[in-house]
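Structure first, then comments.
Every read-out reported here was derived from the displayed coordinates using simple, explicitly stated rules and does not represent laboratory data. It should be emphasised that the depicted structure is a prediction, and the values quoted were computed from it without experimental measurement. Because the Cβ atoms are built from the backbone with ideal geometry, glycine has one as well, and the counts that use them run over all protein chains shown.
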Amino acid sequence: MPQSLHTFCNWLANTPPSQLFQNVAWIIPAVQSVHIFCISLVMGSVALIDLRLLGITGRSQSISGMTNRLLPIVWVSIVILFLTGAVLAIAEPIRSLENPAFQAKMLMLLLVGTLTFFFQDMLRGDVAFWEMSPARRATAKLTAVVSLLLWVGIVFAGRWIAYMDTSYGG
Amino acid sequence: MPFQALFMWIEQSPVGVFMRENVIAFPLVESIHVLALTLVVGSISMIDLRLLGVSARNHAVTKLSNEILPVTWVCFVVAATTGSLLFSSKAVDYTHNFFFLGKMVLMACAGLNMMLFHFITWRSVANWDTDTPAPFAAKLAGGLSLLFWIGVIIFGRWVGFTIGGAF
């Protein structure tokens, strides 16, 4: 598998789009800036939802009111993040796809995406689902903590891609 | 540069040396900086978008800002502290970097915009708390804030590409 992944990365790095992204100096920083702004929207939204679930802030709003308002921002941002992230991965396939920090980031993203989907899905059937019983309230709080930790991990892993890169001294 | 001696002193201080020479210090502090700044910009954007009438239209501006701004300020303090630590690693280089200086100017603009909004437009907030659209002055403040902070991100990202090290 590692060998075939490496072959794929080498192939990808030589395709015309990859060559274009590598050769036009402003593309990577510009795309990264859009990427970071979208992460900001996700982190802002997720932090407010999770702090509400933990009962720390936003108590004047219902859980479903808050998720209805903020989760669409999260999902739209994730689509833009995926597209801009794809440009960055195509530009530097070996640096990203073969990078343990990148792989950890994708794994955490998959976990938090699944978690968020199911959390939201429960609210679709019943807006008060997560407020109905002590057990559900506890589950919602646990979900909030796990979600926050995963998003923090995603931001850290994302930044660490630059430091796990073999072309950077470490 | 009038403060050259000060910047030299900062970068030769134990903190500056540690940030420069410890293998893990810079990436770790930088990751916390990125985390904090995403929360600053993300939370401020929520208020800016409300002022612009794009999102949270049925929420009172005062209630939204009371709930969100404490998060923004805590994260801003973390971002400023970690940013200062990063700065200490190469203080002299940063003060000669166009994008770093631009970022500082943009943050000053964002701060000034916030103060004008707070001391002038905000005084009459009781009259337009639940209005969508908000009055023009409030919309303008929201739009400018969004632009300045997006600018801060763009310039901040370019600092990494122009100062050396890992990007």
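Projecting each Cα onto the charge dipole of the protein assembly as shown (Lys/Arg +1, Asp/Glu -1 at the beta carbon, about the Cα centre), which of A:Val42, B:Val17, B:Ala60 comes out farthest on the positive side?
It is B:Ala60.
How large is the helix-only mean residue ellipticity at 222 nm for chain A, computed as the sum of -39500 (n - 2.57) over DSSP H runs with n ≥ 4, divided by its residue count, in deg cm²/dmol to the nearest 500?
-28000 deg cm²/dmol
About the Cα centre of chain B, what is the dipole size in debye to 20, counting +1 per Lys and Arg Cβ and -1 per Asp and Glu Cβ, all else neutral?
Here chain B has a charge dipole of around 260 debye.
Reachable lysines from B:Lys103, Cα under 29 Å, same-chain residues fewer than 8 places away excluded?
List returned: A:Lys105, B:Lys90, B:Lys139.
How large is the charge dipole for the protein assembly as shown, taken about the Cα centre, if only the Cβ atoms of Lys, Arg (+1) and Asp, Glu (-1) carry charge, to the nearest 20 debye?
Magnitude of the dipole: close to 560 debye.
Rounded to the nearest Å, what's the spacing between the alpha carbon centres of the stretch B:59-89 and the stretch B:111-167? Just the number, please.
13
If a paramagnetic tag sat 7 Å from the Cα of A:Leu149 along the Cα-Cβ line, which residues of the stretch B:14-33 would have the backbone N under 19 Å from that point?
Backbone N within reach: B:32.
If amide hydrogens are placed 1.01 Å from N in the peptide plane, which non-local residues have theirs closer than 5 Å to the one on A:Thr57?
A:Arg52
Calculate one ³J(HN,Hα) per residue across the stretch B:96-107 by plugging θ = phi - 60° into the Karplus curve 6.51 cos²θ - 1.76 cosθ + 1.60, and present them in order as whole Hz with x for glycine and proline.
Per residue, the Karplus-derived 3J(HN,Hα) values read 9, 8, 4, 6, 5, 4, x, 4, 5, 5, 4, 5 Hz.
So how do B:Lys63, B:Lys90 line up by other beta-carbon neighbours within 10 Å, fewest first?
B:Lys63, B:Lys90
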